1. Could we say that VAL247 is surrounded by fewer than 18 Cβ atoms within 10 Å (Cβ to Cβ) and touching a helix residue (DSSP H, G or I) at 6+ places or on another chain (Cβ under 6 Å) here?
2. Looking at the structure I just gave you, is VAL255 touching a Leu at 6+ places or on another chain (Cβ under 9 Å), more than 20 Å from PRO12 (Cβ to Cβ) and surrounded by fewer than 19 Cβ atoms within 10 Å (Cβ to Cβ)?
3. Going by the conditions given, is VAL63 surrounded by 16 or more Cβ atoms within 10 Å (Cβ to Cβ) and touching a helix residue (DSSP H, G or I) at 6+ places or on another chain (Cβ under 9 Å)?
4. Is there any pair linking a residue in segment 169-194 that is in contact (Cβ under 8 Å) with a residue 24 or more places away in the chain to one that is hydroxyl-bearing (Ser, Thr, Tyr) and surrounded by fewer than 24 Cβ atoms within 10 Å (Cβ to Cβ), with Cβ under 9 Å and at least six apart or on different chains, and which?
5. Any residue that is buried (at least 24 other Cβ atoms within 10 Å of the Cβ), β-branched (Val, Ile, Thr) and modelled with pLDDT of 95 or more - is there at least one of those in segment 158-169?
6. Just to verify a result, which residue in segment 320-359, among those that are within 20 Å of HIS308 (Cβ to Cβ) and among the acidic types (Asp, Glu), is surrounded by the most Cβ atoms within 10 Å (Cβ to Cβ)?
7. With the condition kept exactly as written, say whether any residue in segment 144-154 is of a type in the set (Asp, Glu) and under 15 Å from the mean Cα position of the chain (by Cα).
8. Which members of segment 298-319 meet the condition of being charged (D, E, K, R) and modelled with pLDDT of 95 or more?
Amino acid sequence: MSVYLDHAATSPMRPEAVEAFVSAAELVGNPASLHRLGQRAAAALEEAREELADAVGAHPTEVIFTSGGSEADTIAVLGGWAAREPEGRTRALISAVEHPAVAGALDRGAEALPVDRDGILDVDAAVAAIDESVAVVSVMWVNNETGAIQPVETVRRAAVRSGAWMHSDAVQALGHVPVDFHASSLDLMTLSAHKIGGPVGVGALLAGRSIVPAAVGLGGGQERGVRSGTNSVPLAAAFARAASLAVLELDAEGVRLAGLRDRVAAAAVAVGGRLNSLPDGAPHIVNATFDGIGADDLLFLLDQRGVHASVGSACRAGVHQPSEVLLAMGRTVDEASQSLRFSLGRTTTDADIARLEEVLPLAVEQGRSAFGA
C-alpha cells in the first residue's frame, strides 16, 4: 500500500484539470500572435484568467500568470522593492519563516521579522519596523512547513499606514482556508497550481490594478509588462479549473482534512513526537519533531513501508539542511534536523492515515534502536 502524505510539495492532478489541459493543448497558435489561430489561443487564455480570478476574488486584469509560486514571489518582493526605490523606499521586510523564494531576499538586503515559538509573527516587532522607508512587506498566509496561519491583516494595516506594499504568499492557503484577494485588501498575492491539483509549471501573482512591480526578467512584455514569455494556455486552463474546484469544495474538504490531520498529530504524539504545528492551523499540515532519530532516517524507514512524507519545503529537496523555519521558531539544530512534515490533500483517505498509525511506531522504534536514541 502506498500512502502519499506530501501534498504540500505537490498534489496529484485532478482529472478535471487534466481534461482542461488536454483540451487547451489541442489549440494551435501563440496567444500573442495576431492571426485567427493566435486570437483563438488568446481567447482561451483570457477565459482561464477570468476563471481563476473568479475563484480567488480578483479582477482578471489583476491576474499575472507565472511559471509557479517561486517566480511570483520573486516578482512581488524583488520587483516590488525595485519599483519603489525611486521613491526613497529602500527597505524590504519579510517574516523569518518564509518560503525560500521569499527568504532568498535576505541575501539581497531584506530584513527578517521575528516569530514566536509557534511560528507566529511578532506583530509588535513588525509594526515597529514598518515605516515610510519600507517598499514592500511580505508575510505568508499559511506556513508551508508548519501550517501556521499568520496575522496578515494586522500587518497589512501597518503597511497601509506607512504606504508600503503588502504581499502574501498564499500558496498553501488556497484550497485550504478562504482566500479572497479583494476582501484581503492585499497589494500582491502569490498562488501556485500544483498544490491544489493543477499542473506543475504555472502559478500566478495577483497584483492590484494600481500596483506595478518592476520586471525581473527580459522579454516581450507579456502579462502587464511584469512577466515576459509566451503564455502556456494549457497550463493556465488547468490551473484555473483546479482552483475553481478547490474553492468550491473548500468547506467540506477543510472539515474532512482537519479530522485526518488531528489523527496524524495524535499518532506522532503517541510515539513521543513533539508537535511544531498548532491545532488551529491549516487543516492539511502536521509538523513534528522525533527526538533521537534524524529526519532523513525516519523518512527512509517510512518510505520503505510505503508512507511518503517530507522533511519540509520541497524546494530544499535533495539538499536537506536543518529547517530554517524551525530554527527561526527557536528550535535547536538537532530538533530542526529531527522533524518531519506530513501534508494531506484531496486524495488522502482514512485508510492512508490508518496505515500511518500502523507503521509510524515501528519506524520510530527501529530508527531509535538503530541510530541510538
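1. Values: surrounded by fewer than 18 Cβ atoms within 10 Å (Cβ to Cβ): no; touching a helix residue (DSSP H, G or I) at 6+ places or on another chain (Cβ under 6 Å): yes.
Judged against the criteria, VAL247 is not a match.
2. no
3. Judged against the criteria, VAL63 is a match.
4. ALA170/SER184; ASP187/SER210; THR190/SER70; SER192/SER70; HIS194/THR10
5. The answer is no; no qualifying residue exists.
6. The extreme case among them is ASP352.
7. Keep residues of segment 144-154 that are of a type in the set (Asp, Glu), which gives 145, 153.
After this cut, where a residue has to be under 15 Å from the mean Cα position of the chain (by Cα) as well, the list is 145.
Yes; the residues of segment 144-154 include at least one that is of a type in the set (Asp, Glu) and under 15 Å from the mean Cα position of the chain (by Cα).
8. Of everything in segment 298-319, those that are charged (D, E, K, R) and modelled with pLDDT of 95 or more turn out to be ASP303, ARG305.
The values are calculated or read from the model by the stated rules, or taken from the named source; none is laboratory data. Only a predicted model underlies this, so the values are computations on that prediction, with no experimental measurement involved. Positions of Cβ are generated from backbone atoms using ideal geometry, with glycine treated the same way; all protein chains shown enter the neighbour counts.
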